[in-house]
Amino acid sequence: MEFEFTARTKMYMEQLSDFMRKHVYPAEATFHEQLERQSTRWQVPKVMEDLKAQARERGLWNLFLPESERGAGLTNLEYAPLCEIMGRSPIAPEVFNCSAPDTGNMETIERYGSPEQKKQWLEPLLEGKIRSAFAMTEPKVASSDATNIESSIVRDGDHYVINGHKWWTSGIGDPRCKIIIFMGKTDPKNPDRYKQQSMILVPRDTPGITVKRMLTVFGYDDAPHGHGEVLFENVRVPASNMLLGEGRGFEIAQGRLGPGRIHHCMRQIGVAERALELMCKRSMNRVAFGKRLAENDITLERIAQSRIEIDQARLLVLHAAYMMDTVGNKAAKQAIAEIKVAVPNMTLAVVERAMQLHGGGGVSQEFPLAFWWAHSRTLRFADGPDEVHRRQIGRLELRKWM
């Protein structure tokens, strides 16, 4: 594995950092001010579309899509430090059209979609004209095991009829959401439980889709993106909307979640870095009991430990990216599982130390730390809980000794 970034990566790193410094960081407050002034929080602040136009004009657009002429052509290893830079701001990934769940959905349609599906849905997603949602998790079953899913997709002539109760359908609150990737069972009696599921494209405006409520994460609604509890009642879509074919849903999920997991971890490195920066600045400027916080040994220890843990996690993420590029997502599953456990827990620890150093302000809206903590804690569930990944890591490790 080469530790030196390519010239192309360095070029993008420089350009992204410059754009973040000049445009994104100054726009964070504006984004939230506009969001609060709107008649509804479920409307996109104007500053976001302005930033997207500027980023696209500079060529900082769709950097995430590997092995595709539709993206920048970067490998996962080349993209990793760029995604980290974007992760430093909660609004940045969308600015560069590299935000979840759109990246995962775009990669899914790129890999498994038909030419017609790509024309209808992938192209406007890549252009940033529309957004998307992903409907997999269900409230009545343990969806960490995808074979538990109860939603049904039943063939009826030239259509499929969809029924299901989903929640944590990310992106459903966005008014620009036009397409949903839905996972359900087409063959629930198949003896191979990994061939019971399918994924299908469902236009957002199809009759029978009802958003029961938008869910909060530690009180945050993540507007205008959001996570919804959604009912699908006799939703009819053309049979041509099926992705790859009946019974291929679990296969698609594995292909989709690998990149999604590593992108989350890449962004989390950026979150941890910015939290450490806030910790250092606070320790240098805040005085308590007659001396700066930076003069306390406990503060130095916390800063040092954070630096060590961030660097360790980054190397683990780069290793997973290298594995995905060289041996493929399936063969890299242990490396991906490792970072999915390690990185959110690392970020939580760093943000926790930064919050402690900021006192009461650290848990308020005065600083972004509380939001970062909530999001990082959620990632211990998203795309599979820690327990599932640890179980997989343990099993794969034991196989080496069988």
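Close Cβ contacts (under 8 Å, 6 or more residues apart or on different chains) running from residues in segment 280-298 that are farther than 17 Å from residue 355 by Cα to residues that are charged (D, E, K, R) are absent.
Answer with yes or no whether residue 298 is of a type outside the set (Phe, Trp, Tyr), surrounded by 18 or more Cβ atoms within 10 Å (Cβ to Cβ) and either under 23 Å from residue 345 (Cβ atoms) or modelled with pLDDT of 95 or more (or both). No: the conditions fail for residue 298. Residue 118 - would you say it is more than 20 Å from the chain's Cα centre (by Cα) and surrounded by 14 or more Cβ atoms within 10 Å (Cβ to Cβ)? Considered against the rule, which asks whether it is more than 20 Å from the chain's Cα centre (by Cα) and surrounded by 14 or more Cβ atoms within 10 Å (Cβ to Cβ), residue 118 comes out as yes. How many residues, within segment 224-241, are surrounded by fewer than 18 Cβ atoms within 10 Å (Cβ to Cβ) and either in a helix (DSSP H, G or I) or of a type in the set (A, V, I, L, M) (or both)? Selection size over segment 224-241: 3.
When you scan segment 277-289, do you find a residue that is touching a Phe, Trp or Tyr at 6+ places or on another chain (Cβ under 8 Å) and in a helix (DSSP H, G or I), even just one?
Filtering segment 277-289 for residues touching a Phe, Trp or Tyr at 6+ places or on another chain (Cβ under 8 Å) gives 278.
Still in the running and in a helix (DSSP H, G or I): 278.
So far as segment 277-289 goes, yes, one or more of its residues are touching a Phe, Trp or Tyr at 6+ places or on another chain (Cβ under 8 Å) and in a helix (DSSP H, G or I).
Which ones in segment 83-135 are of a type in the set (Ser, Thr, Tyr) and touching a Cys at 6+ places or on another chain (Cβ under 9 Å)? Within segment 83-135, just 132 meets the criteria.
Annotation note: of 30, 9, the sole residue that is surrounded by 15 or more Cβ atoms within 10 Å (Cβ to Cβ), under 30 Å from residue 77 (Cβ atoms) and touching a helix residue (DSSP H, G or I) at 6+ places or on another chain (Cβ under 6 Å) is 9.
Checked against the criterion of being of a type in the set (D, E, K, R), within 28 Å of residue 144 (Cα to Cα) and not assigned by TED's automatic domain parsing to the domain that holds residue 154, the candidates 286, 282, 256, 274 yield just one match: 256. Could you tell me whether segment 368-378 includes any residue that is surrounded by fewer than 18 Cβ atoms within 10 Å (Cβ to Cβ), at negative phi and among the polar types (S, T, N, Q)? Yes, that holds for at least one residue.
With 88, 37, 21 as the choices, which residue is touching a Phe, Trp or Tyr at 6+ places or on another chain (Cβ under 9 Å), modelled with pLDDT of 95 or more and of a type in the set (Lys, Arg)? Before the answer, list the steps.
Working: 37 fails: touching a Phe, Trp or Tyr at 6+ places or on another chain (Cβ under 9 Å); 21 fails: touching a Phe, Trp or Tyr at 6+ places or on another chain (Cβ under 9 Å).
From the options 88, 37, 21, the qualifying one is 88.
So, residue 342, is that one outside any helix (DSSP H, G or I), hydrophobic (A, V, I, L, M, F, W, C), within 30 Å of residue 147 (Cβ to Cβ) and not assigned by TED's automatic domain parsing to the domain that holds residue 169 or not? Here the answer is no, as residue 342 does not meet what is asked.
Being under 14 Å from residue 21 (Cα atoms), not assigned by TED's automatic domain parsing to the domain that holds residue 313 and not aromatic (Phe, Trp, Tyr) holds for only one residue in 89, 99, and it is 89. Restricting attention to segment 42-81, the residues being among the small types (Gly, Ala, Ser), loosely packed, with under 15 Cβ neighbours inside 10 Å and either farther than 13 Å from residue 128 by Cα or touching a residue at least 60 places away in the same chain (Cβ under 8 Å) (or both) number 2.
Within segment 122-148, if we keep just the residues that are β-branched (Val, Ile, Thr) and either farther than 22 Å from residue 217 by Cβ or touching a residue at least 60 places away in the same chain (Cβ under 8 Å) (or both), the residue that is surrounded by the fewest Cβ atoms within 10 Å (Cβ to Cβ) turns out to be 147. Scanning segment 345-381 for residues that are of a type outside the set (D, E, K, R) and farther than 22 Å from residue 280 by Cβ returns 374, 378, 379, 381.
The values are calculated or read from the model by the stated rules, or taken from the named source; none is laboratory data. Note that the structure is predicted; figures quoted are calculated from it, not measured. Note: ideal-geometry Cβ built from the backbone for every residue, glycine included; neighbour counts use all protein chains shown.
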